[in-house]
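Student: Submitted below is the structure of interest, expressed as structure tokens.
The values are calculated or read from the model by the stated rules, or taken from the named source; none is laboratory data. Just so you know, these numbers come straight off a predicted model, no measurement behind them. When we count neighbours, we look across all protein chains shown, and the Cβ atoms used for this are built from the backbone with ideal geometry, even at glycine.
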């Protein structure tokens with residue numbers, strides 16, 4: 001079942017973070033800030049009380065664009081459509097907050113994730129040379145959200161309810177006018193490694 005992430009999920013998220021992104025995992029403090037920021041929406045994929053995936057989108061209310069920050073899944077749960085469901089939920093969250101476009105970066109050597117993004121309607125708009133460790137380029141992708149129908153996210157226990165505005169634990173106050181108050185993270189390779197399409 002996909003549900004909103006809370007600060008109580010931090011330990012499980014960090015375990016997946018460190019195994020999914022061994023070369024550039026975010027710190028626990030950075031991830032805590034990401035999860036609790038009022039400008040972000042983070043979710044976990046919960047399998048019988050065990051966090052097997054997570055994803056997040058930065059979408060300031062009323063801002064015209066948003067960014068997929070990260071998506072990761074336990075390798076044992078890949079290939080089941082979970083990454084696609086998480087991606088669609090994040091896009092829905094961005095659209096509901098007023099975003100017209102969503103951006104992301106993906107590793108040039110991550111063909112599985114690229115195929116998923118293309119299938120979902122993303123298009124390549126540029127590249128960032130040597131963006132990732134090891135000199136791997138980032139492919140910058142974009143999708144327009146106007147006219148995109150909301151996704152129906154089904155879980156093993158039924159339909160995921162729309163999250164309320166108060167689900168974020170201990171929100172961090174940030175101002176879009178003052179970038180120094182944001183979490184300071186940069187989006188990175190969503191769906192890194194072998195991920196389900």
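Student: When you check residue 101 against the structure, is it within 16 Å of the chain's Cα centre (by Cα), more than 22 Å from residue 54 (Cβ to Cβ) and at pLDDT 90 or above, yes or no?
Tutor: Taking the combined requirement at face value, the residue satisfies it.
Student: A further question follows. Quick test of your reading of the structure: residue 7 fulfils all but one of (1) touching a residue at least 60 places away in the same chain (Cβ under 8 Å); (2) under 29 Å from residue 147 (Cβ atoms). Name the failing condition by number.
Tutor: (2)
Student: Right, something else. Of the conditions (1) surrounded by 14 or more Cβ atoms within 10 Å (Cβ to Cβ); (2) in contact with a strand residue (DSSP E or B) (Cβ under 9 Å, 6 or more places away or on another chain), residue 63 satisfies every one except a single condition; which number is it?
Tutor: Unmet condition: (2).
Student: Moving on. Can you pull out the strands (runs of 3 or more DSSP E) entirely within the range 24-119 that have at least 2 residues that are more than 27 Å from residue 146 (Cβ to Cβ)?
Tutor: Those strands (runs of 3 or more DSSP E) span 40-47, 50-58, 65-73.
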